[in-house]
Amino acid sequence: MSKKTRIIYLCIAPCLFLLSWYISHRMYTDYLQNGVGNMRYAGEERSFMYASVFTGIYLVAFFVIRDLYKDKE
C-alpha cells in the first residue's frame with residue numbers, strides 16, 4: 001500500500017465519523033418526533049457511540065489491509 005493511498009484512507013476516517021454521527025443523530029431525532037402513539041423512548045442518544053464503533057471498525061479494517069499489502073522494498 002503506497003503512502004498516498006494510506007493518506008487517503010486515513011483522511012476518510014473523520015469524514016466517515018461525522019457522516020455516521022449525523023445519520024444516527026437524525027434517525028434518533030426523527031424517531032422521537034414520529035413517536036408511535038403515546039410510547040416514549042426512555043433511552044439516551046447514542047449517536048456518538050455508534051459513530052465511534054463504526055469508525056473503529058473502519059480503522060481496524062484499514063490496519064489489516066495495510067498489513068496484508070505492505071510495500072515491497
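Modelling each spin label as a point 7 Å along the Cα-to-Cβ direction, I'd like the residue 71/residue 31 distance in nm, to one decimal.
A separation of 4.5 nm, rounded to one decimal place.
Would you mind getting me the FRET efficiency between residue 12 and residue 44? Use the beta-carbon distance for r and R0 = 25 Å, nearest 0.05.
Calculated value: 0.30.
Starting from the Cα-Cα distance between residue 19 and residue 3, subtract it from 0.36 nm times their residue separation and give me the gain in nm to one decimal. Please report the intermediate quantities before stating the final value.
Values: separation 16, 0.36 × 16 = 5.76 nm, distance 2.49 nm.
Taking residue 19 through residue 3 to full extension adds about 3.3 nm, to one decimal.
Quick note: the coordinates plus some simple rules give every number you see, no bench work behind them. As the structure is a prediction and not an experimental result, all values here were calculated from the model. Note that each Cβ is placed from the backbone with ideal geometry, even for glycine, and that neighbours are counted across all protein chains shown.
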